[in-house]
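Every read-out reported here was derived from the displayed coordinates using simple, explicitly stated rules and does not represent laboratory data. If you're wondering where the values come from, they're calculated on a predicted model, not measured in any experiment. So basically every Cβ, Gly included, is an ideal-geometry build from the backbone, and we count neighbours across all protein chains shown.
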Amino acid sequence: MLEKLFTSGIRADIMSLLFNNPEEKFYVREIARLTNKNASGIKRELDKLEQMDLVTSEREGNLKYFKVNRNSSLFPELKGLIAKSLGVPGALKSVLKALDAKAAFIHGPYVDDPNLPSLDLFVVCDSNNIGKTLDDVEKRFGREIRYTIMSQAEYKTLKKSGERSVKKLLSAKKILLLGRL
């Protein structure tokens with residue numbers, strides 16, 4: 001089973017996305033966009049994961065949605081393994097991509113010492129669903145995530161204004177998760 005499970009980088013990216021967002025369902029082209037992979041390769045890997053009973057699918061209209069099979073006996077172990085291999089930054093990147101965040105980075109003391117019990121996160125996103133998702137990441141990793149969320153319009157306005165605090169934040173040492181600043 002293990003040799004079938006970890007044979008492809010595409011499969012690892014799919015599993016990372018699905019296992020980090022177990023409540024969400026995604027269609028093939030959406031997964032391809034979020035992982036920056038070819039849709040035909042994504043479909044092939046999803047079919048194999050479905051045969052292994054790690055992923056389930058359902059049709060809605062003309063779209064076939066896929067989601068992780070939470071009832072699989074391997075779900076808890078694989079979820080833990082994926083979380084450990086990605087670490088907090090990888091998990092945050094995965095969930096923020098799925099929420100269509102435009103830019104995100106970790107800043108503050110965590111950048112120099114990733115063993116700290118908390119981290120500071122800055123996110124540019126127009127979604128209002130981020131809080132619950134970040135709460136899930138906090139619980140999974142046992143770390144407090146202090147976050148600032150700005151809409152794209154608000155971020156552009158603040159960046160253009162040249163406000164000192166924004167310049168300081170953007171020029172500080174950081175771990176870039178998504179987008180360009």
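What the table shows:
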{"quantity": "Positive-end residue, the chain charge dipole about Cα centroid, Cβ charges, pick of I82, S94, T56", "calculated": "S94"}
{"quantity": "Label-point separation in nm, L176 to F6, each point 7 Å along Cα→Cβ", "calculated": "3.0 nm"}
{"quantity": "Radius ratio Rg over Rh of region 22-181, counting only Cα atoms, Kirkwood formula for Rh", "calculated": "1.01"}
{"quantity": "Sequence-distant lysines (8 or more away, or on other chains) whose Cα lies within less than 25 Å of K167", "calculated": "K93, K97, K102, K156, K159"}
{"quantity": "Gaussian network model of the chain, Cα within-10 Å springs - most flexible of S85, S72, S161", "calculated": "S161"}
{"quantity": "In region 2-73, lysine pairs with alpha-carbon atoms under 18 angstrom apart (chain gap of 8 or more, or interchain)", "calculated": "14"}
{"quantity": "Rounded tilt (10° steps) of 39-51 against the dominant C-alpha axis of the chain", "calculated": "60 degrees"}
{"quantity": "Principal-axis tilt of helix 75-98 within the chain, Cα atoms, nearest 10 degrees", "calculated": "40 degrees"}
{"quantity": "Rounded to 10°, Cα long-axis angle of helix 152-161 versus longest principal axis of the chain", "calculated": "30 degrees"}
{"quantity": "Cα centroid separation, region 1-59 to region 126-181 (Å)", "calculated": "28 Å"}
{"quantity": "For a label point 7 Å along the Cα-to-beta-carbon line of R33, residues of region 89-114 with backbone N under 18 Å", "calculated": "94-104"}
